[in-house]
Each structure stands twice: as C-alpha cells, then as structure tokens.
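> I am attaching a structure below and will ask some questions about it afterwards.
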There are 2 protein chains.
Amino acid sequence: MKKIPVLLMGCGGVGRHLLQHIVSCRSLHAKMGVHIRVIGVCDSKSLVAPMDVLKEELNDELLSEVCLIKSTGSALSKLGALGGYRVVHDSELSTETEEIAKLLGKSTGLAVVDCSASMETIEILMKAVDLGCCIVLANKKPVTSTLEHYDKLALHPRFIRHESTVGAGLPVIASLNRIISSGDPVHRIVGSLSVTLGYVMSELEDGKPLSQVVQAAKKLGYTEPDPRDDLGGMDVARKGLILARLLGKRIIMDSIKIESLYPEEMGPGLMSVDDFLHNGIVKLDQNIEERVKKASSKGCVLRYVCVIEGSSVQVGIREVSKDSPLGRLRGSDNIVEIYSRCYKEQPLVIQGAGAGNDTTAAGVLADIIDLQDLFH
Amino acid sequence: MKKIPVLLMGCGGVGRHLLQHIVSCRSLHAKMGVHIRVIGVCDSKSLVAPMDVLKEELNDELLSEVCLIKSTGSALSKLGALGGYRVVHDSELSTETEEIAKLLGKSTGLAVVDCSASMETIEILMKAVDLGCCIVLANKKPVTSTLEHYDKLALHPRFIRHESTVGAGLPVIASLNRIISSGDPVHRIVGSLSVTLGYVMSELEDGKPLSQVVQAAKKLGYTEPDPRDDLGGMDVARKGLILARLLGKRIIMDSIKIESLYPEEMGPGLMSVDDFLHNGIVKLDQNIEERVKKASSKGCVLRYVCVIEGSSVQVGIREVSKDSPLGRLRGSDNIVEIYSRCYKEQPLVIQGAGAGNDTTAAGVLADIIDLQDLFH
C-alpha cells in the first residue's frame, strides 16, 4: 500500500469537503493501492496533529469530528478531547507546521494541501518546497503572487498541482499540461471562468437590466457577499494569470487589463454594498443594455471572459457568436476553449460545473492521488 | 535528467508522427528535465535497435530516417546503412523484443508503446507487463480483447496509459481517471466518438439522403476504404468498451448491443464496396430520412453515440436535443458527456478534434511524459 502523507491547511468549505471525501474513499483508494495519511489539519489559528507524525495519523473518527466542528463555523481549537493527538495554537502554528514538513518532507514525502483563501500560506508553502514536499492548492493566491514566489513554488513542476484553482474540479490544468508536454503549441485560450459572471451575462440576453440580474444573483447565493468582488473581474484575472503562467508567460497581476463592470466611484471604499445595489448599479443598466443590443444585431451575445493570447491576458466583456460553445453557455457552467496546432479551427472545449465545494474538493483529491508515484 | 526508455511498436501513421514529435520536442523536454530514449522501433516485420540497449539509443538522425522511410509506405527493413544499430527480422522480432524488455524492464524501466492497429501485439504486451514495463497504447485492440487480457494489462493501473484509444488526443481518459480517483461516481457517459459518423449524422440534418452523405464522406477521405467499417459501429463500440472498463465494468465486446447502419445482407462478405455504395446504401435512405424527420418534429437530431449506463454499453442512433452540446456537434469533432455526482444536471463536456495522426500521436506523447515519475 502506497502511503501519501497529507498536511491540510484550511478546513472550512473546500477543506472540510476534502476530508469528507478522503474518509469516504478509503475502500476505493485501498483497491487502488493508495492510502492518504492525514498527519495534520490547520485552520488559521490552530494545528491538530498526531503525537508522532512519523508513525501515526489522524484517524477517521477525528477527521469526521473536525468536519462536524467546521461545518458549524467553529474554530479547530474547539475540538473536544478524543485523545491521541495534539493541538497547537497561534505563534506555535507555523513553527510546528515547518517542523512536520522537515520531519516528513524528505523521509516519506509530504503533500502540503492549501484549501484556504489566505495570502498568508505562501511562507510555509515556500519552506515546504525547500524541504522536499509536494504542494497541492485550491487557493489561487500563492500561484498569482509575485513571479519570485511562483518560480519557487513551481521549481519542481511535478511536485505542484493546482487543478482546483481554475474551474473548480474541471480538468483544465491537467488537460493543458498534457497539451504542453506533447509539444503542441497553445495559441489562444478563451475562458468563461466565473459562475457569477456566466450567470449574469446569460441572463442579460433576455433583455433584463443588469441591476435586476445582479440583485437576483445575490438572492440566489451566486455572488460574494459584496457582488463587486465578482463584478470587478479580479477573480477571473487570477484564473487567467494561472493559465498564462502554465504556458510559460512571465506575467504578473498588475499587467492584466481588467474591465470592471462598475466604475471606480462605485468602489467598495466609496459606496456601501446596499447603496451600490440600490442606487449605484442602476446607473450602469443603460450602457450594458445598449451593448447587449449591439451584439445581438450581429448575431452575438456578451460574455465576460479571459483571453490569453501572445504575451497578454485580457479580462472583460467580449462579443461572441450566439452559436459558439461560449455563446451557448448557461447556468453555473464554466467553459474553456483551447486553440493550438492540434486544435486549430475548432478548439478543445472543456465545460462543466465551475464552482461548489464538493466539486472543488474532488479536484484537490484527484491531484493528491495523482502524486502517488512520487511517494515511496 | 530523467530518462524514459521507449520501445515503439508500429511506426506507420501515428507511430511515425510520434517519432517526429519526440525529435522536435527535445529542447522542450530537456527544460522539463526529461529525455525520451528511443531504444527500439518495430514495424510488423522488423526491429531496429542500438547495439547495446542499456547504454545507447537510436539517435535523432536515425529516427528521422525511419520517419522518412515509413512516410513513403516502405518497410523498416529498407533502412539504409547509417551504422551503429542492428535490424532483426521476422522470427527473431518477438524474441529480441522480449529480450530488450527483460534487460530494461526492471533495471531502468521501459515504456512499450503500441501505435499499431494489430491484434498481434497482445502477446508481447503481456510479457512486458510481467517484466515490469509500462504500456502506452494508441492501439485499441489489446484493451478491448478478453477480460483475462485486460486484467493482465491493467494489473498495475499506473503502468498503463491509453488516452489515444478514445477521441484521439482528447483528454477523455485522463479526465475520467481523475473523476474516478476522487470518488465521484460516474452514472452515465454519452459520447459521439466517430469522426465519420459525427459527420454523417450532422449532414443528415440538412435533409440529404444517407447514400449521398456517405459517398461524399468517402470522397473527402473521412471514411475507411470500406465505409462499412465505420457504419457498422464496431469502432465506436471498442471505444465505449474502453471507457466502461475504466469504470470497472466487467464487459466484453460480444455483450455490447451495436446498431449497424447497414443490414447483414449488405455485409462485406456478401456485397462488394462498389455494389454497396451504388446499389446497397440507397435502399437505406428512406428509413433514415423518416427517422430524421421524426426526430426533427420533436426538436431533436440523430446522433450515433455510445451510451454507458449501469452495466450496459449501447451503441447506435439516438435522438438528442438540437440544443444540447451533442446536438450541436459539427465537423470532425468528437464529444463526450460525463454525468456524475459532481456533474449531475449539466455534464462535464469534453469536445474537440477526434482524429488525425498528429493529434493522436500528441496524446501518446503526453502519456509517455506522464509516466516520468515511475522512472529512475
């Protein structure tokens, strides 16, 4: 049985689902000859680990307990006394995590899995790379940080996996890596990579005003608490940057041209969420309506996409043919079109659910299992 | 630099393109820290290998020479005297191949790559598995043979890759393996996996008679020399079987219900190709035309698909909604829809060019590179 030791950072939404998947896949993975040995779980304040990470693991009973606690929104520090493990807090958290990476990284191998949404995991991830660990990310921030950070994380390309940073569990990065390693040059990638903006853009086609569509999306739970976090395009830009860097492009966030759906004067610092939703956004309706009509007269619809081509990544509204896969996109699907030598006139298209903790965690788990040949 | 020794069986269309890709990717792969060491190339009659497979490899000059010879349709045995290698023929072919697998399999690892379309490679592949080699297939036949053969080939699932047996280079199997390893249960797969039948079915929508569409497809070079090899559905059934077996279903070819587009009395044994194309197929026009019309009245079009669901694989014509990804399929694209827990109402869709030696060979090369962590 091949053992993959895992240290999980972030056990809220995606991380919690990952733990559930790991526990429920025990017999499946045993049949595959693999065992995921969870030797540590962290939230932002605490780390839970067995007494001896070399010999022991967190058992499934404890992992289920962690899931239960996190599903109520509580902190790991609330973990009751099941015994057989230790909990360290605050200042000890990072030294202890590093200690574990030191102990396991080169001896048995260790996959450090980041399911947080934090900017602050980058330091421990960089140390983990130095210590010979593998890195698995659902967190987009480490791979969209500076080029120095990126180069360090991607130093050993086989040791880093981050499928779930783009399109949830959709096999976008795995597919792109296959195209790259086969020497098929990628000319262009076009993606609708935001479930929120995918919904908003397709609803606009029916002639509804932008303000009404965004308010409905918020009610349906499709948006961030502040919908401007979606409408600003930053999340799409991060995903575009990740794909562009896979293609070897030396790009940073600041060099990406992002078309925000709201103007600066309606930004979070200047206008409350309520004010934006009730007074701000209605002022944007007319302009968008005109763009929808103009596109429609050409047989097109509007889509909010990232376009990677040459040395540039652009993020914003594009007119696309009603009859293209992108133009026909509906619901909570993401879609990615990849154009290359092999996929020249007609792109390689990957489409499916682009959000959800279950799907995102499934992508992380597939990444972990795919590391198995690197472990003893 | 990680070295992946490769023994290639079959250097016609796909195999020749693979050798070209390997040579043209040298600097790309060097950057990735990988070197593909070609230590043998076979066609059905001969094997070309370096004098000492442990220390030497076939150099790029020789590989280019092999490509040149095969592109003219000649046999490997016509290889001129460039020196530094040996050529063995006929009866010695299989013993020498086995000898190489013995020498390399357990010492340095060896990827035995089957780009032939032969039923006869199965014996050497089975021996190669026993000798610790990895297996990479573009050839569908070994994995659609008996369950005994299949179980042997898939004994170590990480040691066998066969992406290019379904949908050319499309990342169908890689994606499906990710879904499987993440414990996401696949309920249903629907695929249009024949470029020929994809073309034929979409052309029928415009009201053209079947006979005319098939004759046009043959002229365009979309069909096998005998178009009944496509119209019979056997090739689609093989692909369906491969996907079903990945899902763990214990299925053999004989248990697949295949709807042939021509009746038994028009089969190859009873009617010549010419007779079929000029007198036979016209008799099928009316029935198909009626089915097209009936589907159209329900907002549907006909597609020739494989459907994997429960314990069955079915292959034949289905009515699908005009507005579904399948219904909108055009040209030489294949499409696969995967329904699972994560992709429930809306499937995961993978679409793109489903044929072509270049694309198929790119898929094989990506498979080879993906084995790298198994090699020293």
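The values are calculated or read from the model by the stated rules, or taken from the named source; none is laboratory data. All values reported here derive from a predicted model rather than from experimental measurement. Glycine also receives a Cβ, built like all others from the backbone with ideal geometry; neighbour counts cover every protein chain displayed. For the accessible areas, the whole protein counts, side chains as well, though only heavy atoms, and no ligand, DNA or RNA atoms are used. Shrake-Rupley method; radii C 1.70, N 1.55, O 1.52, S 1.80 Å.
> Simple spin-label model, 7 Å along Cα-to-Cβ: B:Asp373 to A:Ser24 in nm?
A separation of 2.4 nm, rounded to one decimal place.
> Can you find, among B:Ile173, B:Val301, B:Met266, the residue farthest towards the positive end of the dipole of the protein assembly as shown? Put +1 on the C-beta of Lys and Arg, -1 on that of Asp and Glu.
Projecting each Cα onto the dipole axis, the largest value belongs to B:Val301.
> Which single residue of chain A puts its beta carbon nearest to the axis of rotation relating A to B, and what distance, in whole Å, does that give?
Minimum Cβ distance to the axis, with residue: A:Asp373, 2.
> Could you give me D for region A:181-353, from Stokes-Einstein at 4 °C and 1.567 mPa s, where the hydrodynamic radius is the Kirkwood radius over C-alpha pairs? Units µm² s⁻¹, please.
Working: Rh = 16.7 Å.
Diffusion coefficient, whole number: 78 µm²/s.
> Running a GNM on chain B with Cα contacts under 10 Å, which residue among B:Gln351, B:Gln215, B:Gln286 ends up with the highest mean-square fluctuation?
The residue that fluctuates most here is B:Gln286.
> Once the Cβ-Cβ distance between B:Glu290 and A:His89 is put in as r, and R0 is 51 Å, what FRET efficiency do you end up with, to the nearest 0.05? Write down the numbers at each step before the final one.
Working: r = 74 Å, r/R0 = 1.45.
Step by step, r from the Cβ atoms, then E = 0.10.
> If you take every DSSP beta bridge fully contained in region B:181-353, what fraction is antiparallel? Give it as a percent rounded to 5. Intermediate values should be presented prior to the final figure.
Numbers: 26 of 28 bridges.
Of all bridge pairs located within region B:181-353, approximately 95 percent are antiparallel.
> Just how large is the dipole of chain A about the Cα centre, in debye to the nearest 20, putting +1 at every Lys and Arg Cβ and -1 at every Asp and Glu Cβ? Please report the intermediate quantities before stating the final value.
On the way: 43 positive and 47 negative charges, 219 e Å.
Roughly 1060 debye, rounded to the nearest 20.
> I've got another one for you. Tell me, in nm to one decimal, what length is gained between A:Asp151 and A:Ser255 on full extension, where the rule is 0.36 nm per residue of separation less the Cα-Cα distance? Don't skip to the answer; put the middle values down first.
On the way: separation 104, 0.36 × 104 = 37.44 nm, distance 1.75 nm.
Length difference between fully extended and current span is 35.7 nm.
> So what's the back-of-envelope 222 nm ellipticity for chain A, counting only DSSP H runs of four-plus at -39500 (n - 2.57) apiece and dividing by all residues, rounded to 500? List each step's numbers first, then the result.
Working: 13 runs with 135 residues, N = 376.
Per the formula, -10500 deg cm²/dmol.
> Which distances, in nm and shortest first, link the B:Leu270 label point to the same label point in every other copy, taking 7 Å along Cα→Cβ?
7.9
> Size of the dipole of the protein assembly as shown about the Cα centre, Lys and Arg at +1 and Asp and Glu at -1 on the beta carbon, nothing else charged, in debye to 20? Working shown, then result.
Numbers: 86 positive and 94 negative charges, 27 e Å.
I would put it at about 120 debye.
> What figure, in Å² to the nearest 10, do you get for the accessible area of A:Lys106 with a 1.4 Å probe and non-protein molecules left out?
150 Å²
> Before anything else, pin down the relative contact order of region A:181-353: Cα pairs under 8 Å, at least 6 apart, normalised by residue count, whole percent. Display every interim value, and only then the final one.
Numbers: 282 pairs, mean separation 62.1, N = 173.
Reported relative contact order: 36 percent.
> Output the antiparallel fraction of DSSP beta bridges having both residues in the protein assembly as shown, as a percent to the nearest 5. List each step's numbers first, then the result.
Values: 69 of 109 bridges.
For the protein assembly as shown, the DSSP antiparallel bridge percentage is about 65.
> Further question: Hey, if you put +1 on the Cβ of every Lys and Arg and -1 on every Asp and Glu Cβ in chain B, which of B:Ala138, B:Gln372, B:Ala237 ends up farthest toward the positive end of that dipole?
B:Gln372
> Any idea of A:Arg86's accessible area? Nearest 10 Å², probe 1.4 Å.
Probe radius 1.4 Å; accessible area of A:Arg86 about 60 Å².
> When each copy gets a label point 7 Å from Cα toward the beta-carbon at A:Val282, what are the spacings between them in nm, shortest first?
For A:Val282, the inter-copy label distances come out at 7.0 nm.
> While we're on this one: Could you please report the charge total around B:Leu47, scoring K, R as +1 and D, E as -1 over all other residues with beta-carbon less than 13 angstrom from its beta-carbon?
Details: positive: B:Lys45, B:Arg86; negative: B:Asp43, B:Asp90, B:Glu92, B:Glu96, B:Glu98, B:Glu99.
Net of charged neighbours comes to -4.
> Work out the length of the dipole vector of region A:181-353 about its Cα centre, built from +1 on the beta-carbon of each Lys and Arg and -1 on the beta-carbon of each Asp and Glu, and round it to the nearest 20 debye. Can you show the working numbers first?
Numbers: 23 positive and 24 negative charges, 136 e Å.
With Lys and Arg at +1 and Asp and Glu at -1, about 660 debye.
> Continuing with the same structure: What residue among A:Lys298, A:Lys70, A:Lys102 has the largest mean-square fluctuation in a Gaussian network model of chain A, using Cα springs under 10 Å?
Sorting by GNM fluctuation, first place goes to A:Lys298.
> Please compute the contact order of region B:196-291 in relative form: average sequence separation of alpha-carbon pairs under 8 Å and at least six residues apart, divided by the residue count, as a percent.
On the way: 73 pairs, mean separation 33.5, N = 96.
Computed over region B:196-291, the figure is 35 percent.
> I've got another one for you. Using R₀ = 25 Å, calculate the FRET efficiency as 1/(1 + (r/R₀)^6) where r is the Cβ-Cβ separation of A:Asp323 and B:Arg188; round to 0.05. Intermediate results must be reported in sequence, preceding the final value.
On the way: r = 26 Å, r/R0 = 1.05.
For R0 = 25 Å, the calculated efficiency reads 0.45.
> Dividing the convex hull volume of the Cα atoms of chain B by its residue count, what figure in Å³ per residue is obtained? Numbers along the way, then the final one.
Working: hull volume 54.5 nm³, N = 376.
Per residue, the Cα convex hull of chain B comes to 145 Å³.
> Give me, ordered by chain and number, the residues 5 or more places off B:Arg161 or on other chains with an amide H under 5 Å from its own placed amide H.
B:Ile135, B:Val136, B:Leu137
> In percent, how large is the relative contact order of chain B, given Cα pairs closer than 8 Å and 6 or more residues apart?
Working: 698 pairs, mean separation 75.1, N = 376.
Reported relative contact order: 20 percent.
> Calculate, in whole percent, how much of the Cα-Cα pair population of the protein assembly as shown lies beyond 36 Å.
Values: 133789 of 282376 pairs.
Counting pairs separated by more than 36 Å, the tail of P(r) holds 47 percent.
> Also, quick follow-up: If I build a Gaussian network model for chain A, linking alpha-carbon pairs within less than 10 angstrom, which residue out of A:Gly80, A:Gly316, A:Gly352 has the largest mean-square fluctuation?
Top of the fluctuation ranking is A:Gly80.
> Given 0.36 nm per residue, what is the gain on full extension from B:His35 to B:Lys344 after removing their alpha carbon distance, in nm?
Numbers: separation 309, 0.36 × 309 = 111.24 nm, distance 4.12 nm.
Computed gain between B:His35 and B:Lys344 is 107.1 nm.
> Could you work out what % of the accessible surface of chain B is carbon and sulfur, using a 1.4 angstrom probe and leaving DNA, RNA and ligands out of the count? Present the calculation step by step, with values, prior to reporting the outcome.
Values: 7740 of 15060 Å².
The computed percentage sits at 51.
> Go through A:Val88, B:Gly84, A:Ile350 and say which Cα lies farthest out towards the positive end of the charge dipole of the protein assembly as shown; charges sit on Cβ, +1 for Lys and Arg, -1 for Asp and Glu.
Final value for the positive-end residue is A:Ile350.
> Continuing with the same structure: Between chains B and A, what is the buried accessible area summed over both chains (1.4 Å probe, protein heavy atoms, nearest 100 Å²)?
Values: alone 16870 and 16860 Å², together 30130 Å².
Summed over both sides, the interface buries about 3600 Å².
> Quick one: with label points 7 Å out along Cα→Cβ, list the inter-copy distances for A:Glu65 in nm, shortest first?
For A:Glu65, the other copies' label points sit at 7.0 nm, shortest first.
> Just to confirm my numbers, what's the Cα centroid distance between region A:5-29 and region B:125-189 in Å?
Measuring centre to centre over Cα atoms gives 26 Å.
> Return the percentage of antiparallel bridges among DSSP beta bridges fully within chain B, rounded to the nearest 5 %. Walk me through the numbers on the way to the answer.
Details: 33 of 53 bridges.
Of those bridges, close to 60 percent are antiparallel.
> Then there is this: Just the accessible area per residue of chain A, please: how many Å² with a 1.4 Å probe?
On the way: 15070 Å² over 376 residues.
On a per-residue basis, 40 Å².
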